[in-house]
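Below: the structure, in structure tokens.
The values are calculated or read from the model by the stated rules, or taken from the named source; none is laboratory data. Model, not experiment: these values are computed from the prediction. So basically every Cβ, Gly included, is an ideal-geometry build from the backbone, and we count neighbours across all protein chains shown. Surface areas here come from the heavy atoms of the whole protein model, side chains and all, with no ligands, DNA or RNA. Shrake-Rupley method; radii C 1.70, N 1.55, O 1.52, S 1.80 Å.
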Amino acid sequence: LKRDEDKLTVNFKGNGQARQILATAHGDGTVKGYIANPYVDLPLKENGKLDVGGALGEGELKVIKDLGLKEPSMGTIALVSGEIDDELTAYFYISEQQNSSVALGVKVERDLSIGAAGGMIIQMLPGGSEEAVDLLEDMLSKMRPLTAIISDIYEGCKGMTQEGLAEKLLSEIFKDMPED
């Protein structure tokens, strides 16, 4: 979002226990969110990650962008897995015809508080080479889980600005990427 008054809303509706997850972000960086069932139990999957997909179930994702034009733009896709990062990746590809990679991570502490959270969206610029796409896909497949990266950076950089944290995150993620 380029202007403070711009607004982006994502609305996940599913038939699982969570039923609906809604978030709205403004260009000034403020975000608010809502979940229809905040008491949903998210069991761990075999890989140790929370089963967000199971909690959301089957349904749809609606994205509404209000950029101050005559009418907000809206796109809707069927949910592909219920996992938030998978849904956003699919939305970019299906609705906006933009190859993207979305990764999200949340470290939940034993007392159920959030120890660290973050995410990233990588999109190819127009005219990007197939070689760059292949290198990026290879790098992402070898990357440590984003939650671990974010947690490690956060622990080592308490008191750092958001920009400083983002810079550390990018340098960690892209450390093995060739500069050419």
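For the range 6-35, what are the residues that are touching a residue at least 40 places away in the same chain (Cβ under 8 Å) and among the β-branched types (Val, Ile, Thr)?
Hits for the range 6-35 are Thr9, Val10, Ile21.
Do we find that Gly68 is surrounded by fewer than 18 Cβ atoms within 10 Å (Cβ to Cβ), in a loop (DSSP other than H, G, I, E, B) and either in contact (Cβ under 8 Å) with a residue 40 or more places away in the chain or on the phi > 0 side of the Ramachandran plot (or both) in this structure?
Numbers: surrounded by fewer than 18 Cβ atoms within 10 Å (Cβ to Cβ): yes; in a loop (DSSP other than H, G, I, E, B): yes; either in contact (Cβ under 8 Å) with a residue 40 or more places away in the chain or on the phi > 0 side of the Ramachandran plot (or both): yes.
Here the answer is yes, as Gly68 does meet what is asked.
Taking the range 139-158, which residues are within 22 Å of Lys49 (Cβ to Cβ) and either among the small types (Gly, Ala, Ser) or open to solvent by less than 70 Å² (accessible area, probe 1.4 Å) (or both)?
Across the range 139-158, the qualifying residues are Met139, Leu140, Ser141, Met143, Leu146, Thr147, Ala148, Ile149, Ile150, Ser151, Ile153.
For the range 108-138, give me each residue that is surrounded by 17 or more Cβ atoms within 10 Å (Cβ to Cβ) and either out of contact with any Phe, Trp or Tyr (no Cβ under 7 Å at 6 or more places or on another chain) or over 21 Å from Glu163 (Cβ atoms) (or both). Outline the logic, then answer.
Our first condition is that a residue be surrounded by 17 or more Cβ atoms within 10 Å (Cβ to Cβ); within the range 108-138, this holds for 116, 118, 120, 136.
Those that are surrounded by 17 or more Cβ atoms within 10 Å (Cβ to Cβ) and either out of contact with any Phe, Trp or Tyr (no Cβ under 7 Å at 6 or more places or on another chain) or over 21 Å from Glu163 (Cβ atoms) (or both): Gly118, Met120, Leu136.
Return yes when Glu60 is more than 14 Å from Lys13 (Cβ to Cβ) and either assigned to a helix (DSSP H, G or I) or out of contact with any Asp or Glu (no Cβ under 9 Å at 6 or more places or on another chain) (or both) and no when it is not.
Values: more than 14 Å from Lys13 (Cβ to Cβ): no; either assigned to a helix (DSSP H, G or I) or out of contact with any Asp or Glu (no Cβ under 9 Å at 6 or more places or on another chain) (or both): yes.
Considered against the rule, which asks whether it is more than 14 Å from Lys13 (Cβ to Cβ) and either assigned to a helix (DSSP H, G or I) or out of contact with any Asp or Glu (no Cβ under 9 Å at 6 or more places or on another chain) (or both), Glu60 comes out as no.
Are any of the residues in the range 73-82 of a type outside the set (D, E, K, R), crowded, with 16+ Cβ neighbours inside 10 Å and under 22 Å from Lys107 (Cα atoms)?
Among the residues of the range 73-82, at least one is of a type outside the set (D, E, K, R), crowded, with 16+ Cβ neighbours inside 10 Å and under 22 Å from Lys107 (Cα atoms), which makes the answer yes.
So that you can scan it fast, the table gives a plain yes or no per residue for (1) under 27 Å from Leu44 (Cβ atoms); (2) of a type outside the set (D, E, K, R):
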site	(1), (2)
Glu71	no, no
Ala90	yes, yes
Tyr93	no, yes
Asp134	no, no
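For the range 1-29, which residues satisfy the criterion of being open to solvent by 40 Å² or more (accessible area, probe 1.4 Å) and either in a loop (DSSP other than H, G, I, E, B) or on the phi > 0 side of the Ramachandran plot (or both)?
Leu1, Lys2, Arg3, Asp4, Glu5, Asn15, Gln17, Arg19, Asp28, Gly29
Return the residues of the range 31-51 that are part of a loop (DSSP other than H, G, I, E, B) and either of a type in the set (Lys, Arg) or over 20 Å from Phe12 (Cβ atoms) (or both); say none if nothing qualifies. Reasoning before the result, please.
Of all residues in the range 31-51, those part of a loop (DSSP other than H, G, I, E, B) come to 36-43, 45-49, 51.
If the condition is that a residue be part of a loop (DSSP other than H, G, I, E, B) and either of a type in the set (Lys, Arg) or over 20 Å from Phe12 (Cβ atoms) (or both), then Lys45, Glu46, Asn47, Gly48, Lys49 are the ones that fit.
For the range 7-33, what are the residues that are touching a Ser or Thr at 6+ places or on another chain (Cβ under 8 Å) and not aliphatic (A, V, I, L, M)?
Lys7, Thr9, Thr24, Lys32, Gly33
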